[in-house]
Amino acid sequence: MKRVVVTGMSGITSLGESADQVFEQFAQGRSGIRYMPDWEIYTDLRSKLAGPVESFTVPKHFNRKVTRGMGRVALMSVVCAEKALENAGLLNANILKNGEAGVAFGSSAGSVDAVREFGSMLLDHNMSQLNATTYIRMMSHTSAVNMTIYFGLKGLTLPTSSACTSGSMAIGQAYEAIKYGKQTVMIAGGAEELSAAGSAVFDVLLATSMKNSQPEATPRPFDSDRDGLVVGEGAGCLILEEYEHAKARGATIYAEVLGYGSNTDGQHVTRPDSEMMGHCMGLALKDAHVSAEDIDYVCAHGTSTDQGDIAETQATLRILGKKPISSLKSYFGHTLGACGAIEAWLSIEMMQRAQFIPTLNLDSVDPSCAELDYIRGEIRNMPAEIIMSNNFAFGGINTSLIFKNFKV
């Protein structure tokens, strides 16, 4: 078995596109949630809140020829991956083109504009809105494919489209590809672009927040006054690398990926199963060869839904005990296919900085949630050697990742 380490990281969020920018916003307790006036045209849409990326830096060399097959989700993904490769010192490295490097990257779906183009055909009975790139921009593996073309990757392509676990599952599968000797380097993560349709998915399930006049007061994971989730957008990317290869080239190593667990509930398409959530955490512990006592912090899925928060916290207490825990979705909203990657990136950053971010808007813990060590109010300064990041998706798809603060 090969050791797998993280040598590059990057992200794009509603609170910034660098760790320093995001942590500055965290320190000030700022939320990325906004009221979306453009969504007022959807009169039946109950929740008009979101966590939009209002701008992100697109390098000048991303010209029209480069981006013609990219919708917004693919563009965020490739830009984010380029930053992560640069951070790892691997941008333009020979290994990207010799078959030893691959990509595992996911999103819930492709670009919404492309879906609209096909929708126009079905509704208006003509193909005037379609062009040669419509399907490329719409397909769920648009991010991964655009990366292979842009970076010239010749290795594995592992696209993940598993709703809210797309990003975390991609990291897990990339970890396994290196662990079992199939690749030396993997670009791993997830992205999602914002749309009113994304909010409507949860709106029809009565699972979205209705605090339209108070965007800064929601979502409220684990709080007694929570009333649902808020959708967001963004991208997160980790560069995973085989340890000996990273060591030989003198790479900066941020963390080691110790373990990954994934399973499915096999019971209900939207109702969470606390038992199987806990079993997934146990699988990650077993894979990492660590005990529950070794986990110093848990980055929760923490969507701010009634059933989800209760099921997740009960599973966490049952498997791990009373651990420090917080939810970053309280700042960004639920970024769907991106959340697992963004949360992994920022969890590693928290571990590196020994600064653990509180759950925003957590004023009064719901007594139905398990008795955990909820980080709230202020940033908690504490050392941590091993952390866990959990995500749970529609379809009963569960993931758990374990990272270790790297020491030679």
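Observations, loosely collected:
- Taking every full run of DSSP H in the chain, the ones that stretch at least 18 Å from end to end by Cα along their long axis and average -1.0 or higher on the Kyte-Doolittle scale are 72-88, 166-179, 274-288, 306-320, 339-353.
- Computed over the range 265-408: relative contact order in percent, which uses C-alpha pairs under 8 Å that are six or more apart: 34
- Amide H to amide H distances under 5 Å link ASP373 with LYS323, ILE325, where only residues 5 or more positions off or on other chains count and H is placed in the peptide plane.
- Panel values: the range 279-326, Kirkwood radius from alpha carbon pairs, Stokes-Einstein at 4 °C and 1.567 mPa s, translational diffusion coefficient 116 µm²/s.
- Cα centroid separation - the range 315-362 against the range 236-267, whole Å: 18
- Taking a ≥ b ≥ c as the square roots of the eigenvalues of the Cα gyration tensor, an a/c ratio of 1.5 or more together with a/b larger than b/c marks the range 102-149 as prolate.
- Estimated 222 nm signal from helices in the chain, with DSSP H stretches of n ≥ 4 weighted -39500 (n - 2.57), rounded to 500: -10000 deg cm²/dmol
- Its Cα centre serving as origin, the range 268-408 has a Cβ charge dipole (Lys and Arg +1, Asp and Glu -1) of approximately 280 debye.
- A simple charge model with +1 on the Cβ of Lys and Arg, -1 on the Cβ of Asp and Glu and nothing else charged puts the dipole of the range 223-350 at about 100 debye relative to its Cα centre.
- With all protein chains kept in place, the per residue accessible area of the range 360-408 amounts to 44 square angstrom at a probe of 1.4 angstrom.
- Between amide H atoms placed 1.01 Å from N, distances below 5 Å from GLY8 occur with ILE239, all of them 5 or more places distant or on a separate chain.
- Carbon and sulfur %, accessible surface of the chain computed with the full protein complex present, 1.4 Å: 50
- In summary, the range 174-314 shows an alpha-carbon radius of gyration equal to 1.29 times the 2.2 N^0.38 Å reference for compact globular proteins.
- For the chain, the residue among ALA300, VAL269, SER120 whose Cα projects farthest onto the positive side of the dipole built from Cβ charges is SER120.
- Excluding ligands, DNA and RNA, the accessible surface per residue across the range 222-268 is 32 Å² with a 1.4 Å probe.
- The Cα-based radius of gyration of the range 197-262, divided by its Kirkwood radius, gives an Rg/Rh of 1.24.
- Three principal axis extents of the range 231-306 based on alpha-carbon atoms, in descending order, are 47, 33, 24 Å.
- Where Rh is the Kirkwood radius over Cα pairs, Rg/Rh for the range 177-235: 1.22
- In the range 299-403, taking the dipole from charged Cβ atoms about the Cα centre, the farthest positive-side position among LEU360, SER347, PHE403 is held by PHE403.
- Sequence-separation-based contact order of the chain, relative, with Cα cut under 8 Å and 6+ spacing, percent: 23
- Quarter of Cα convex hull surface for the range 1-147, i.e. mean projection, nm²: 12.9
- Evaluated at q = 0.12, 0.16, 0.17 Å⁻¹: base-10 log I(q)/I(0), Debye formula over Cα of the range 128-195: -0.36, -0.60, -0.67
- Once the mean of 1/r is taken over each pair of separate Cα atoms and inverted, the chain shows a Kirkwood hydrodynamic radius of 20.9 Å.
- Each of GLN173, GLY259, VAL185 was placed along the dipole of the range 111-266 (beta-carbon charges, centred on the mean Cα), and the one lying farthest toward the positive end is VAL185.
- Cα centroid separation, the range 275-305 to the range 166-187 (Å): 19
- Set against the 2.2 N^0.38 Å expectation for a compact globular protein, the range 120-236 has a Cα radius of gyration ratio of 1.39.
- Built amide H within the under 5 Å cut-off of GLU100, gap 5+: none
- Taking one quarter of the surface of the C-alpha convex hull of the range 350-395 gives a mean projected area of 4.7 nm².
- Remark: the range 59-127 carries 51 Å² of accessible area per residue (probe radius 1.4 Å; ligands, DNA and RNA excluded).
- Charge dipole of the chain (Cα centre as origin; +1 on each Lys and Arg Cβ, -1 on each Asp and Glu Cβ, all else neutral): 1220 debye, rounded to the nearest 20.
- Sparse packing (at most 13 other Cβ atoms within 10 Å of the Cβ) combined with a DSSP loop state is found for the following trypsin sites (Lys or Arg not before Pro) in the range 33-140: LYS60, ARG68.
- Spherically averaged projected area in nm², based on the convex hull that wraps the Cα atoms of the range 162-209: 4.2
- Pairs from LYS179/LYS323; LYS182/LYS322; LYS65/LYS404; LYS182/LYS286; LYS97/LYS323 whose Cα-Cα separation, in the structure shown, is over 32 Å: LYS182/LYS322; LYS65/LYS404; LYS97/LYS323
The values are calculated or read from the model by the stated rules, or taken from the named source; none is laboratory data. The model shown is predicted, which means the values in this text are computed figures rather than measured ones. Ideal geometry is used to build each Cβ from the backbone, glycine not excepted, and the neighbour counts take in all protein chains shown. Side chains included, ligands, DNA and RNA excluded: accessible areas come from the protein's heavy atoms. Shrake-Rupley method; radii C 1.70, N 1.55, O 1.52, S 1.80 Å.
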